[in-house]
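Novice: I'd like to ask some things about the structure below.
The values are calculated or read from the model by the stated rules, or taken from the named source; none is laboratory data. Model, not experiment: these values are computed from the prediction. Neighbour counts are summed over all protein chains in view; Cβ atoms, including those assigned to glycine, are modelled from backbone coordinates with ideal geometry. Heads up: the accessible areas ignore ligands, DNA and RNA and are worked out on the full protein's heavy atoms, side chains in. Shrake-Rupley method; radii C 1.70, N 1.55, O 1.52, S 1.80 Å.
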Amino acid sequence: MKIGITCYPSVGGSGIIATELGIQLAERGHEVHFITSNVPFRLNANHPNIHIHQTDINDYSVFKYPPYDITLASKISEVIIEYDLELVHMHYAVPHAICGILAKQMSGRAVRIVTTLHGTDITVLGHDMSLVNAIRFGIEGSDAVTAVSESLNRQTHELIKPDKSIETIYNFVEEEYFNMADRETIRKRMKERYNIGEDTKVLMHTSNFRKIKRIDDIVRAFNIVQKNIDSILVLIGDGPETNSIKHLIKELGIENSVILAGHQSDVKSYYMMSDVFLLLSQKESFGLALLEAMHCGSVPIGSTAGGISEVIKDGETGYIVDVGDYVSAAERIMNLLSDDSLFQSMQERMLLDINLRFHSDVIISEYETLYRNLIGASSK
Ligand code: GMT
């Protein structure tokens, strides 16, 4: 198949999924065209089936707001015509789904449009009345729409009320890269670098440090844990909450036990070093970092938000606590870290479950089937 893919190229789960999907489709023999404002940050594959088309943002002085979406739609339409694309897969409802619809109209071709909803494009923007009609238009105008969890699927129907069925296709983990091979060696090396004791337990979180991630709950849970268990907390990432988190860490007097490592390109080494991964968000459609961390051996503690409890099976492959209940999170962590056989059995179950439900082969095949059905339908 000849497939176009558009996503946000910057750091973020939706860009990672779109990029990895494209790479694996190329490996399966499809011709893949990324049409994005920049080269997606995880796109480091040199594959003859992968083509990259960058949009130039026009900053003509009359424009107060450079028209990213119109420029993108125009570029997608060019690529549709030049390469005879059969399908374009848009990641994120706004503006990408709408760009896809516009591009199809501009091209005049019978190209199929697939839109994948990722999260805040619905759960945050869906509350903004100035965008609801646009989001509904993007969903209803796409030939097929997928959501990355049942929870996001349900919330889309509740908030946007589209006249369209939405298929849930879960995110997947790139298991060739994120896996437990060499965990002990990497863990030892990382601990030496950071001067962390061999027996010290490592708790970890990574995100874009937005308020909805509730990193303050993570810090408060850790504050309880470190009073009882020899442990440190590693926070990876940066964003609007960084300063207030630094302030909280200082206020609690735990500066020497928290590593604020900022953005890191080699996040895998941090997953390898960690025993427990925390994601206590207020909103989270899926939580791709959970899958990556879990497949590197870190046992997860998540909140009840969104799709997290679809990724973690509470009590089997990790623990789930109510949003805001950092005391229970701390209890779960202490439980886990003070019982080696519980930790090990949970780690084993977690790896089996990921390979069963979130294996890239399974999920890529689901997208492939969806594409084939659509393309088959269009050629009738
Ligand atoms: O919408 C966002 O918050 C950013 C977005 C992204 O581009 O990473 O994250 C969402 O999509 C990811 C990939 O499907 C999911 O793993 C994240 O859970 C989701 N974020 C939220 O729902 C907050």
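Results for (1) buried (at least 18 other Cβ atoms within 10 Å of the Cβ); (2) of a type outside the set (D, E, K, R); (3) under 20 Å from E175 (Cβ atoms), shown as yes or no for each residue.
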| residue | (1), (2), (3) |
| --- | --- |
| I5 | yes, yes, no |
| L21 | yes, yes, yes |
| G29 | no, yes, no |
| N46 | no, yes, no |
| I52 | no, yes, no |
| T55 | yes, yes, no |
| D59 | no, no, no |
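Novice: Sticking with this one: Out of curiosity, is V62 among the aliphatic types (A, V, I, L, M), over 26 Å from the mean Cα position of the chain (by Cα) and assigned to a loop (DSSP other than H, G, I, E, B)?
Specialist: For V62, the condition - among the aliphatic types (A, V, I, L, M), over 26 Å from the mean Cα position of the chain (by Cα) and assigned to a loop (DSSP other than H, G, I, E, B) - is met.
Novice: So, of the residues in the range 251-307 that are part of a helix (DSSP H, G or I) and among the charged types (D, E, K, R), which turns out to be farthest from the ligand (Cβ to nearest atom)?
Specialist: Out of the qualifying residues, it is E255.
Novice: Tally up the residues in the range 308-324 that are of a type in the set (A, V, I, L, M) and either near the ligand (Cβ under 10 Å from one of its atoms) or touching a Lys or Arg at 6+ places or on another chain (Cβ under 8 Å) (or both), please.
Specialist: Summing the residues that are of a type in the set (A, V, I, L, M) and either near the ligand (Cβ under 10 Å from one of its atoms) or touching a Lys or Arg at 6+ places or on another chain (Cβ under 8 Å) (or both) in the range 308-324 gives 4.
Novice: Would you confirm whether any residue within the range 234-243 is within 29 Å of E192 (Cβ to Cβ) and either assigned to a helix (DSSP H, G or I) or touching a residue at least 40 places away in the same chain (Cβ under 8 Å) (or both)?
Specialist: Yes, the range 234-243 contains at least one residue that is within 29 Å of E192 (Cβ to Cβ) and either assigned to a helix (DSSP H, G or I) or touching a residue at least 40 places away in the same chain (Cβ under 8 Å) (or both).
Novice: Further, regarding this structure: Out of I166, I186, I122, I need the residue that is at pLDDT below 95 and either in the same structural domain as E20 (by TED's automatic domain parsing) or over 15 Å from L21 (Cβ atoms) (or both). Which one? Let's see the steps before the verdict.
Specialist: Details: I166 fails: at pLDDT below 95; I186 fails: at pLDDT below 95.
Step by step, each of I166, I186, I122 is checked, and only I122 is at pLDDT below 95 and either in the same structural domain as E20 (by TED's automatic domain parsing) or over 15 Å from L21 (Cβ atoms) (or both).
Novice: Can we say I5 is within 24 Å of D361 (Cα to Cα), part of a strand (DSSP E or B) and either more than 14 Å from the ligand (Cβ to nearest atom) or at pLDDT 85 or above (or both)?
Specialist: On the way: within 24 Å of D361 (Cα to Cα): yes; part of a strand (DSSP E or B): yes; either more than 14 Å from the ligand (Cβ to nearest atom) or at pLDDT 85 or above (or both): yes.
Judged against the criteria, I5 is a match.
Novice: Any residue at all in the range 64-73 that is away from the ligand (no atom under 16 Å from the Cβ), modelled with pLDDT of 95 or more, of a type in the set (D, E, K, R) and open to solvent by 70 Å² or more (accessible area, probe 1.4 Å)?
Specialist: Within the range 64-73, none of the residues are away from the ligand (no atom under 16 Å from the Cβ), modelled with pLDDT of 95 or more, of a type in the set (D, E, K, R) and open to solvent by 70 Å² or more (accessible area, probe 1.4 Å).
Novice: So which pairs qualify, if the first residue must be in the range 312-333 and among the aromatic types (F, W, Y), the second must be buried (at least 16 other Cβ atoms within 10 Å of the Cβ), the Cβ gap must be under 6 Å, and the two must be at least 6 apart or on different chains?
Specialist: Y319/I301; Y319/R332; Y326/D217; Y326/R220; Y326/A221
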